[in-house]
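Student: One structure, as structure tokens, below. Some questions next.
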Amino acid sequence: MTHEIPRFEGSGLYALYYRGASEDLYFPLASLQIPVYAGQALSSNTATGERVRERYPLHSRLKQHRLSIMEGGLPVAEFRFRALLLPDVHADLGENALRVGYTPVWNSKLTGFGSKEQGATTRQSKKSKWDTVHDGRRRTHGGVVHDVEKLVVGAKAHIARQVSDYDERPWPHPATDTYLDLDTP
């Protein structure tokens, strides 16, 4: 189910974009160079204190996100991604620049999309804002603590600000650009 993204090696940055017409919440972003989510995938993880090297971290992360989008009831065919292979140190810095420069809605208003399930204690935690609005991920077991209507209103207002401020974005935004489908066979 999540094997459709062609396999490639390396770590780096990525951004997810909405390019469809069926999701009213994200439709204002469909023709703009504003990601709904930005992240990084590193080849080594020292969070556990043990150095672990992964050969396909960026590919694996995009596969996880593809599954989350599908399980959240969103049309995966309407999402695209862009990826940039980078050494880990540059990916860390770049992710912060993307999050600050673009304030993607899933990084800022509907948080929780990119969180990784860590085990039994995570299954007992409350649903994230993203999971409240896009209910359905198998890994989400906690109770709802957020008001879905307030989250949607906040996300719409955030997207409207992004659209109105589009010409003032810190990076160029060419009319045509290259994206890869999250649904590419």
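Student: If you take the residues of region 7-32 that are more than 22 Å from Gly112 (Cα to Cα) and not small (Gly, Ala, Ser), which of them is modelled with the highest pLDDT?
Tutor: Residue satisfying both the conditions and the ranking: Leu32.
Student: Please enumerate the residues belonging to region 53-105 that are surrounded by fewer than 15 Cβ atoms within 10 Å (Cβ to Cβ), at pLDDT below 90 and touching an Asp or Glu at 6+ places or on another chain (Cβ under 9 Å).
Tutor: Result: Arg55, single match.
Student: For region 139-154, state whether one or more residues are assigned to a loop (DSSP other than H, G, I, E, B), at pLDDT 90 or above and open to solvent by less than 40 Å² (accessible area, probe 1.4 Å).
Tutor: Filtering region 139-154 for residues assigned to a loop (DSSP other than H, G, I, E, B) gives 139-147.
Okay, now just the ones that are also at pLDDT 90 or above, so 146-147.
If we keep only those that are open to solvent by less than 40 Å² (accessible area, probe 1.4 Å) too, we end up with none.
No, the conditions are met nowhere in region 139-154.
Student: Within region 24-42, can one find any residue that is open to solvent by 20 Å² or more (accessible area, probe 1.4 Å), more than 29 Å from Asp165 (Cα to Cα) and either without any contact (Cβ under 8 Å) to a residue 12 or more places away in the chain or not in a helix (DSSP H, G or I) (or both)?
Tutor: Looking through region 24-42, at least one residue is open to solvent by 20 Å² or more (accessible area, probe 1.4 Å), more than 29 Å from Asp165 (Cα to Cα) and either without any contact (Cβ under 8 Å) to a residue 12 or more places away in the chain or not in a helix (DSSP H, G or I) (or both).
Student: Scan region 155-168 for residues that are at pLDDT below 90 and under 19 Å from the mean Cα position of the chain (by Cα) and jot them down.
Tutor: Selection gives nothing.
The values are calculated or read from the model by the stated rules, or taken from the named source; none is laboratory data. No experiment lies behind these values; they were computed from the predicted model shown. Positions of Cβ are generated from backbone atoms using ideal geometry, with glycine treated the same way; all protein chains shown enter the neighbour counts. Protein only, heavy atoms only, side chains kept; ligands, DNA and RNA dropped before computing areas. Shrake-Rupley method; radii C 1.70, N 1.55, O 1.52, S 1.80 Å.
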